[in-house]
Amino acid sequence: MTHDEVFELKEHLGSGGFAHTYRAAIVDPDLVEDFGTDEVALKIPLNRKKERILRRELETNIFLWLRLKDVDSTHLVRYLGFADFRGQIVMAMEYISGGNLRKVLDSVGRPKRMPIERAVKIAIGVARGLQSIHHENVFHRDIKPENILLIDDAPKISDLGIARMLKSNELASTTTGTIYYMSPEILCEEGASFPADVWSLGVTLYEMLTGRLPFGTFETPIGTMVDLIRQEEPKPACKVCDEVPEPLSDLVQRSLQKDPRDRFESAAEMHDALVAFSRGERDEIERDIMALREATTGDENPRIEAKAKKLITKYPHDPRAYQYLGEFYNLCQRYGEAVRTFKQGLKTAGDNTLLHWDLALAYQKQGKRLAAIQHLQKAMAMDLDPSLRQYATALLRTLRGTV
């Protein structure tokens, strides 16, 4: 780095067909003040030809960039602006440390399923981000796991580099994006608009829920993939994976209708449908748990235990199912089974605060102080309820004094 450079490159984050992306520190105080941060994700064109394209994009879409700069959404990676760096024009974006959704789903070609609750939560955030940019008449055109960055499970839509501002009722007629997530209308001559982003989110949600694409695979030849997208009906997600509830499968299927008029009317409508599904699922398991709690007496009731185990079968990705069964075992002083149940739940939801808390209590009852301390510390490092934090602090002090 020379003394007059405004950025210091810290880490190479990845490369695409257009640019290398780096985590970079801003060393120019004026630019720090202008961007409102001292660390950015910096897109540097791959070569001079790509830089010329970027300059043309900047000239052509200056109003788009200005509009995006003013959009305030927790689910969008903030566009910060352009700058000169090492004789090139570069694009600065908000830096997100959590990586992208593709890394969570594993590498391209070997995707894996996500827990239903987590997948829906991410899809809700993406739909909310799309709602924000569509409100500004911005059509993203490349929604896919690689362009969804994560802070824990809070998604942020990135890579608005090929986005386009649309006038009322306008269609974008250029074939731009990533083939696996392209809608039928993008692949046809009539052009596409905001419903194509809804389609791409539907493909992404399908992949999160089933571990596979709705059309072909990542090895399918492009020509065949185009035909599948335009002509074939996707197998319902609940038929691919029987753990996917039928209402959620129907929701995904609606987002993948060939005719844009048959999909959700907007990203906002898809967002509301996902939220309604999520609330319904939470209400259902809460009702089931409440009914069991009312029937629990504290005795070793085989009928209650059997029903509690069925909760896990019914809601295999919901940490509350494991929490209830584990608490039942603790109540019956079956601490070994409680430990196994809580640990099983943490395999599904490793960041669940209450599972760490309950596991710590079960280990304490077993006399395994070091293990109890470990999970107490994890619970306290998370968002442990203040009503429990005071007790946890006292318990941690006691356990440390006896080690």
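Since every read-out is calculated from the coordinates, none of them should be taken as a lab result. Everything numeric in this text was worked out from a predicted model, so none of it was measured. Cβ placement follows ideal geometry from the backbone for every residue including glycine, while neighbour counts extend to all protein chains displayed.
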Problem - Formal net charge of residues neighbouring Ala381 (Cβ-Cβ distance under 12 Å; K, R +1; D, E -1) - result: 0
Problem - Normalised per residue, the volume of the convex hull around the Cα set of the stretch 269-373 (Å³) - result: 93 Å³
Fill in the blank from the handout: Taking a crude spin-label model, label points 7 Å out from Cα along the C-beta direction, the Arg261 to Glu286 distance in nm is 4.0 nm
Problem - Of Lys112/Lys239; Lys343/Lys378; Lys103/Lys258, pairs whose Cα-Cα distance is over 19 Å - result: Lys103/Lys258
Problem - Full-extension gain in nm, Lys49 to Thr37, via 0.36 nm per residue minus C-alpha separation - result: 1.4 nm
Fill in the blank from the handout: Which residues qualify? For Ile151, with a placed amide H closer than 5 Å and at least 5 residues away or on another chain, they are Lys156
